[in-house]
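The values are calculated or read from the model by the stated rules, or taken from the named source; none is laboratory data. Predicted model, so just to flag it, every value in this text is computed and none were measured. Heads up, the Cβs are rebuilt from the backbone with ideal geometry, glycines too, and the neighbour counts pull from every protein chain shown.
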Amino acid sequence: MSKLPAFSARSYDFVEYVPARNWIGGQWREPTTKKTVPVENPRFGKALSSVPLSGAEDVDLAVKAAERAQKGWREVPMRERAQVFYRLKALMERDLEELAWLVTHENGKPYEDARASVEKGIECAEFGAALPNGGGAGQQLEVSRGVVCREIHEPLGVVAGITPFNFPIMVPLWMLPQAIVGGNAFVLKPSEQVPLGSMKLAELLKEAGLPDGIFNIVHGAADVVNALCDHPTIRAIGFVGSTKVAKLVYARGAASGKSMLCLGGAKNHMILVPDADPKLSVENIVASFTGATGQRCMAASVLVAVGAVEHVLGPVVERARQIELGKHLGPVINAAARERIERYVTEAEKAGAKVLVDGRGQRGGPEGYWAGVSVLDGVTPEMGAWQDEIFGPVLSIVRVKTLDEAIALENSHPYGNAASVFTTSGAVAEHVVRRVEAGMVGVNIGVPVPREPFGFGGWNQSKFGQGNLTGLDGFRFWTRPRKITMKWELQTDTTWMG
Ligand code: NAD
């Protein structure tokens, strides 16, 4: 297999793809195992491809190819390495529609959402392309008379990334530009639920002029992840996924001395106070908990209602009721996700929460995995609906009397990815911003994603390791600083001029 097939159906129609293959040394490779699992189009609940469950041998092949290629790549000046990402950006723009439909087919997102996620991926490529001029060049200072200290960013060697199902193209691009422009060779283990997007990226990177072996893909599940964590040649691993797995991966990779940065799950709180702008708040709150069908780590799934905020809550509920599955929202990733989401709603109801909007049993089409929008009121910290990441379009409203109670509630949650406050008061906003236990904070914004050059990453149980994955922090993670201190004195008896 040399290329993914171009497909004619740029629509929601069911399309079949070729079986996923590993990408090693610039070629599609059959894995050494025969085990495969189906890749489903969640809109149809039907297999559109299959993905191999590779093993440690496949990881070793990829690492060896990467190691060979990296020896030459590290000698290429950074400005030239960055050119690949200029060209990748242009190629992704050329193929934007195709990439977006690919994401729609394997992940289920509506086309517009998929397109936005690819555009965000392009922004990441653009940041990588600009690295030589935007912070990647290092620094130099005359630290005392005649003594110059210079810091340059050296590659680590072979590095790896492990990614989740919810953004098949964007999340790999949180890592690739910084790691590859930094001079490393990369081995990616995409989610086995969405293996195709990164395969298309492999083709585009090759077309963009990336030498063979600098980007490799090994498909599979836990066996591949474990082999990456244990492989002695790999120097650093970036992981994005659930907290349970992030913790395991962090510990396993760190045990063999690797630099690890593992982003985990979230339970983001939005604090709503009575002076909030109703229109702005309603739009942002509903978009935050329903976008990506609630399957994103930036979804705010808890609304902390401070005092009398019925004038905002009423329209939130009204707007939530208008959201149609299949039209505004895509399906969830699989049957287990649908069951989990409905179970949390039922359990909260049994524990005393009021179901203001009930998405249970809703379907967006005759087939596929659908979970409708639900809004729960009177949720308390004893309920699973507050404690756990539901990862579906469910909003849990918790009532409190004061702003400090709201902050204390947010602080008591073990996760710390993001938090937001809705208010027209700068003083209230500042009070909240400085006190919430979250790495990414929004003011009148429901999805406070820090865009480049700022780094993406939460706190507490939402992240294991130092720094952030995107932006300049990402570049620092994938490289190591070398400090060179120099003193040159002209010898007075130099005679080579004459
Ligand atoms: P997941 O943790 O199930 O899987 C992530 C990756 O880990 C996949 O590649 C998977 O194959 C692998 N994996 C799964 N189980 C494993 C195991 N036992 N051992 C080793 N590897 C294993 O996550 P998911 O369901 O694909 O994605 C959803 C999760 O990702 C949510 O919790 C979401 O919040 C999180 N996420 C976080 C961020 C962030 O930036 N913090 C961004 C996107 C998604």
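Just a few scattered comments:
- Residue pairs whose Cβ atoms lie under 7 Å apart, sitting 6 or more positions apart in sequence or on different chains, and linking a residue in the range 229-251 that is over 13 Å from residue 462 (Cβ atoms) to a partner that is among the basic types (Lys, Arg), are 229/252; 234/258; 235/258; 236/258; 237/258.
- The range 264-291: number of residues that are surrounded by fewer than 24 Cβ atoms within 10 Å (Cβ to Cβ), of a type in the set (Gly, Ala, Ser) and over 16 Å from residue 340 (Cβ atoms): 2
- Check on residue 364, outside any strand (DSSP E or B) and surrounded by 16 or more Cβ atoms within 10 Å (Cβ to Cβ): yes
- Which listed residue, of 339, 324, 349, 382, is exposed (fewer than 15 other Cβ atoms within 10 Å of the Cβ) and farther than 24 Å from residue 107 by Cα: 382
- For residue 395, the conditions (1) in a helix (DSSP H, G or I); (2) touching a residue at least 12 places away in the same chain (Cβ under 8 Å) all hold with the exception of (1).
- Qualifying positions in the range 203-230 - part of a loop (DSSP other than H, G, I, E, B) and within 15 Å of the ligand (Cβ to nearest atom): 218, 219, 220, 221
- Scanning the range 304-318 for residues that are over 11 Å from residue 375 (Cα atoms), touching a helix residue (DSSP H, G or I) at 6+ places or on another chain (Cβ under 7 Å) and buried (at least 17 other Cβ atoms within 10 Å of the Cβ) yields 304, 305, 306, 312, 315.
- Filter pass, residue 302 being touching a Lys or Arg at 6+ places or on another chain (Cβ under 9 Å), within 16 Å of the ligand (Cβ to nearest atom) and closer than 17 Å to residue 448 by Cα: yes
- Across the range 192-205, not a single residue is classified as under 19 Å from residue 478 (Cα atoms) and under 18 Å from the mean Cα position of the chain (by Cα).
- Test result for residue 101, within 16 Å of the ligand (Cβ to nearest atom), in a helix (DSSP H, G or I) and aromatic (Phe, Trp, Tyr): no
- Within the range 176-191, the residues that satisfy the criterion of being more than 16 Å from the ligand (Cβ to nearest atom) and surrounded by 24 or more Cβ atoms within 10 Å (Cβ to Cβ) are 177, 179, 180, 181, 182, 184, 185.
- Search result, residues across the range 108-140 that are touching a Leu at 6+ places or on another chain (Cβ under 6 Å) and of a type outside the set (A, V, I, L, M): 121, 124, 135
- When residue 348 is tested against the conditions (1) within 14 Å of the ligand (Cβ to nearest atom); (2) touching a residue at least 12 places away in the same chain (Cβ under 8 Å); (3) assigned to a helix (DSSP H, G or I); (4) within 19 Å of residue 384 (Cα to Cα), the lone failure is (1).
- Qualifying residue in the range 33-48 (condition: of a type outside the set (Phe, Trp, Tyr) and modelled with pLDDT under 95): yes
- On the stretch given as the range 251-263, residues that are surrounded by 17 or more Cβ atoms within 10 Å (Cβ to Cβ), of a type outside the set (Lys, Arg) and closer than 14 Å to residue 234 by Cα total 4.
- The range 192-202: number of residues that are touching an Asp or Glu at 6+ places or on another chain (Cβ under 9 Å) and within 16 Å of the ligand (Cβ to nearest atom): 5
- Of 121, 134, 157, 138, all but one fail to be crowded, with 18+ Cβ neighbours inside 10 Å, away from the ligand (no atom under 16 Å from the Cβ) and either within 29 Å of residue 71 (Cβ to Cβ) or among the β-branched types (Val, Ile, Thr) (or both); the exception is 157.
- Hey, residue 478 more than 26 Å from residue 122 (Cα to Cα) and either crowded, with 19+ Cβ neighbours inside 10 Å or outside the structural domain of residue 250 (by TED's automatic domain parsing) (or both) or not: no
- Residue within the range 209-217 that is under 18 Å from the mean Cα position of the chain (by Cα) and not polar (S, T, N, Q) present: yes
- When restricted to residues that are in contact with a helix residue (DSSP H, G or I) (Cβ under 7 Å, 6 or more places away or on another chain), of a type in the set (A, V, I, L, M) and more than 10 Å from the ligand (Cβ to nearest atom), the range 255-272 contains 5.
- Within the range 398-415, the set of residues being out of contact with any Leu (no Cβ under 8 Å at 6 or more places or on another chain), assigned to a strand (DSSP E or B) and surrounded by fewer than 23 Cβ atoms within 10 Å (Cβ to Cβ) comprises just one member, 399.
- Annotation note: Cβ proximity below 6 Å between a residue of the range 445-473 that is assigned to a loop (DSSP other than H, G, I, E, B) and a residue that is of a type in the set (S, T, N, Q) and within 13 Å of the ligand (Cβ to nearest atom) (sequence gap 6+ or interchain) occurs for 455/468; 455/470; 456/468; 456/470; 457/468; 458/417; 461/243; 462/417.
- Residue 150 vs. criteria free of Cβ contacts under 8 Å to residues at least 60 places away in the same chain and surrounded by fewer than 22 Cβ atoms within 10 Å (Cβ to Cβ): no
- Candidates 142, 75, 112 - the one that is part of a loop (DSSP other than H, G, I, E, B), without any contact (Cβ under 8 Å) to a residue 40 or more places away in the chain, outside the structural domain of residue 331 (by TED's automatic domain parsing) and not basic (Lys, Arg): 75
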